[in-house]
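To start, the structure itself, in structure tokens.
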Amino acid sequence: MQDNLEKWIKEAKKYYLQNEYEKALEMYNKVLRSDPENIDALHEIGNIYYIKNMLPDALKAYTKYLAVCRSLGSYLELERKLIEKIGRVHFLEKNYSMAISSYLEALAIYNQLEPEGSEPEEGKFHILHTIGDIYFSNLRDYGQALAIYKRLLELSYKWNSKEVVADNLREIGTTLSKQKKFLEALEKFEEALDICTSENIVSGKALTQYEIGRIYFKQKEYKKAFPYLDGALKVFIDLADEEDFDDKDSFLNKTKSMWEAVKNELNRKSSNFTSEL
């Protein structure tokens, strides 16, 4: 029987590498009929269903695989990778609360495996970003997003480059802006701008100028908005490709639209002032 299992798994892997997923599934299911807890088959069946976008089936296979691994006393690192996959499936199914729950479970394993005082693995930063982005973009829970982004900032000050710190500051500023905490947001953006200026991070500087200009634009403080939008626009034009010019949602066109509105408003006020004289 063991010889047959090894033969079927070998054939299944061959089909998998050739992108013949139906044949690979057939062989892996043959394995499971003889050995329902075969971890190789369960894992690869989950991967095939994921590739084929059959997400409920992928989730079922991954969940069973995780249960079998735990019953066998598997390594935590293996469990973490699998839990992240489960989180990704939940996310794609728009089950955001379950996705966050899975990612937090994976994060706890990162913390458990991380020696005290050691630099966190890159995957830990990625998971935190993913959780923060789900709260921000999908759930519109800006309080929770802010807490995650602040945790990322703490880690970044200690372990990451200044460019990453500036990125985190900008994420916090954007989240505070969503909460209409504009003064706090401006403080974070100015911190990010100082870093980008001193480190000559051109694109980061432009993105931060855009965010500051946008806040002042919303507050109708056009004189304050103009120099930030003007600085950002010049960089976006330099960095733009053909798609940016055609995409109304590109930073180039969004900045240009605000820049023109501010310019017109300043010109109008200037004309009114002159006529009054």
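The values are calculated or read from the model by the stated rules, or taken from the named source; none is laboratory data. Just so it is clear, the model here is predicted, and its values are computed rather than measured. All Cβ positions, glycine included, derive from the backbone under ideal geometry; neighbour counts span all protein chains shown.
Here Asn200 clears all of (1) touching a residue at least 12 places away in the same chain (Cβ under 8 Å); (2) over 17 Å from Lys254 (Cα atoms); (3) not hydroxyl-bearing (Ser, Thr, Tyr) except the condition numbered (1). Scanning region 243-253 for residues that are surrounded by fewer than 16 Cβ atoms within 10 Å (Cβ to Cβ) and outside any helix (DSSP H, G or I) gives Asp247, Lys248, Asp249.
Restricting Tyr157, Tyr149 to those that are under 26 Å from Glu79 (Cα atoms) and either modelled with pLDDT of 95 or more or more than 14 Å from the chain's Cα centre (by Cα) (or both) reduces the list to Tyr149. Which residues, counting only those in region 72-128, are under 26 Å from Ser161 (Cβ atoms) and polar (S, T, N, Q)? Matches in region 72-128: Asn111, Ser118.
Listed by first and then second residue, the pairs linking a residue in region 24-42 that is surrounded by 14 or more Cβ atoms within 10 Å (Cβ to Cβ) to a residue that is modelled with pLDDT under 90 and in a loop (DSSP other than H, G, I, E, B), with Cβ atoms under 8 Å apart and 6 or more places separating them unless they lie on different chains, are Ile39/Leu72. When region 43-84 is filtered for residues that are closer than 21 Å to Lys23 by Cβ, in contact with a Gly (Cβ under 9 Å, 6 or more places away or on another chain) and without any contact (Cβ under 8 Å) to a residue 24 or more places away in the chain, the ones remaining, listed by number, are Asp57, Lys60, Ala61. Considering (1) part of a helix (DSSP H, G or I); (2) more than 14 Å from the chain's Cα centre (by Cα), the lone condition that Pro120 does not fulfil carries the number (1).
Given (1) among the hydroxyl-bearing types (Ser, Thr, Tyr); (2) at pLDDT 95 or above; (3) within 25 Å of Leu153 (Cα to Cα), identify the lone condition not met by Tyr50. That leaves (3) as the condition not met. Condition test on Thr174, is it among the hydroxyl-bearing types (Ser, Thr, Tyr) and either touching a Pro at 6+ places or on another chain (Cβ under 7 Å) or free of Cβ contacts under 8 Å to residues at least 40 places away in the same chain (or both)? Yes. Being under 13 Å from Lys256 (Cα atoms), under 24 Å from the mean Cα position of the chain (by Cα) and modelled with pLDDT under 95 is a property that does not hold for Ala206. Filtering region 254-277 for residues that are over 29 Å from Lys150 (Cβ atoms) and not in a helix (DSSP H, G or I) leaves a non-empty set.
With respect to the conditions (1) out of contact with any Asp or Glu (no Cβ under 6 Å at 6 or more places or on another chain); (2) surrounded by 20 or more Cβ atoms within 10 Å (Cβ to Cβ); (3) not charged (D, E, K, R), Tyr135 falls short on a single one, namely (1).
Among the residues of region 20-27, is there at least one that is modelled with pLDDT of 95 or more, outside any helix (DSSP H, G or I) and over 22 Å from the mean Cα position of the chain (by Cα)? Scanning region 20-27 turns up at least one residue that is modelled with pLDDT of 95 or more, outside any helix (DSSP H, G or I) and over 22 Å from the mean Cα position of the chain (by Cα). A single member of Ile51, Ile45, Ile39 is of a type in the set (Val, Ile, Thr) and closer than 30 Å to Arg140 by Cα, and it is Ile51. What about Ala240, is it surrounded by 15 or more Cβ atoms within 10 Å (Cβ to Cβ), small (Gly, Ala, Ser) and within 27 Å of Ile131 (Cβ to Cβ)? It is false that Ala240 is surrounded by 15 or more Cβ atoms within 10 Å (Cβ to Cβ), small (Gly, Ala, Ser) and within 27 Å of Ile131 (Cβ to Cβ).
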